[in-house]
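The values are calculated or read from the model by the stated rules, or taken from the named source; none is laboratory data. None of these values were measured; they are calculated from a predicted model. Counting neighbours? That spans all protein chains shown, and the Cβs are built from the backbone with ideal geometry, glycine included.
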Amino acid sequence: MPVYIDRLMADRNVLFMDAETFGAYMLLLFSEWTDGPLPDDINMICKIAKDIDQSKAEALLKQCFRKDKLGFVNDTLEEIKTTQQDLHQKRVDAGAKGGKSKAQKKIQKPSKAKAELEPSSSNKEVEVEEEIDSSSTTTTPSISEVQEHFKMSGYKSDPETFHAFNESRGWKGIESWTAAAVLWEKREKKSDKAPAEAEEWIDFVGTCSACGYTAKARNHISRPHQKLDCQKCCLEGRDPSEIVLKNPNE
Ligand SMILES: [Zn+2]
């Protein structure tokens, strides 16, 4: 949830809130942001606001929320939510468009997605792109940008998979795709290595000659064998027999 501090602090209702009520207000906004309108149930509201007094909760609802058919809503929050969703959708659309035209033209101009928008784009879309460019450095990369970046950085992982994975999620939560690519590459490397390492550790097996108990223990394949005293013999009070554990594949 983005917090517009100036706007929030200038709100007359917030200006006169005590700390507890302000905390409750924030908790209710968080809840509305993630789960939608607040339930029309004062007990639930108190619970969401970490057990605030019912009278305070009621006053808060009256001051800062409006009763809708789905529950209580804060109009400012709903407005911000809608703007964010619009912006996000525009960004995804512009990114896809930029990627498409780039693939067709085989990179004529340097990166800025703005320059890649098709001439038919309305002014409104260009405005939105500019807004994004000035507010953050995030642009969604095209597949060819990702491919080139992976090649230049010497990454071993597949750029198409990285692009498709993030494209399908609308590049959600990614501030910088190049930073995300670093993490992606590291994770891929790890998962490449893990199975090979795991194969070097296996269960050695051996049977007690006195009681027939079968023992197992994890061992590195480089070890010829391992000896241990039979647990069962120990438990049953006999002199422990020695079990020799061996690599079952040898
Ligand atoms: Zn035994």
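Per-residue answers, yes or no, for (1) within 13 Å of the ligand (Cβ to nearest atom); (2) of a type outside the set (S, T, Y); (3) under 30 Å from E145 (Cβ atoms); (4) surrounded by 12 or more Cβ atoms within 10 Å (Cβ to Cβ):
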| position | (1), (2), (3), (4) |
| --- | --- |
| H163 | no, yes, yes, yes |
| G173 | no, yes, yes, no |
| A181 | no, yes, yes, yes |
| R187 | no, yes, yes, no |
| G206 | yes, yes, no, yes |
| A210 | yes, yes, no, yes |
| A215 | yes, yes, no, yes |
| S222 | no, no, no, no |
| C230 | yes, yes, no, yes |
Notebook entry, point to check: Is at least one residue of segment 62-85 in contact (Cβ under 8 Å) with a residue 60 or more places away in the chain and loosely packed, with under 14 Cβ neighbours inside 10 Å?
Noted result: yes
Margin query: Yes or no: segment 1-15 includes at least one residue that is in a helix (DSSP H, G or I), more than 17 Å from E79 (Cα to Cα) and modelled with pLDDT of 90 or more.
Written below: no
Note to self: Being of a type in the set (S, T, Y) and at pLDDT 90 or above is true for just one of T21, T83, T76. Which residue is that?
What the structure shows: T21
Check: Out of all the residues in segment 175-187, is one or more basic (K, R) and over 30 Å from M1 (Cα atoms)?
Finding: no
Next item on the list: Could you please find all residues in segment 236-250 being over 46 Å from the mean Cα position of the chain (by Cα), surrounded by fewer than 13 Cβ atoms within 10 Å (Cβ to Cβ) and more than 9 Å from the ligand (Cβ to nearest atom)?
Entry: G237, D239
Next item on the list: Tell me which residues, restricted to segment 214-233, are within 9 Å of I243 (Cα to Cα) and touching a residue at least 24 places away in the same chain (Cβ under 8 Å).
Entry: A215
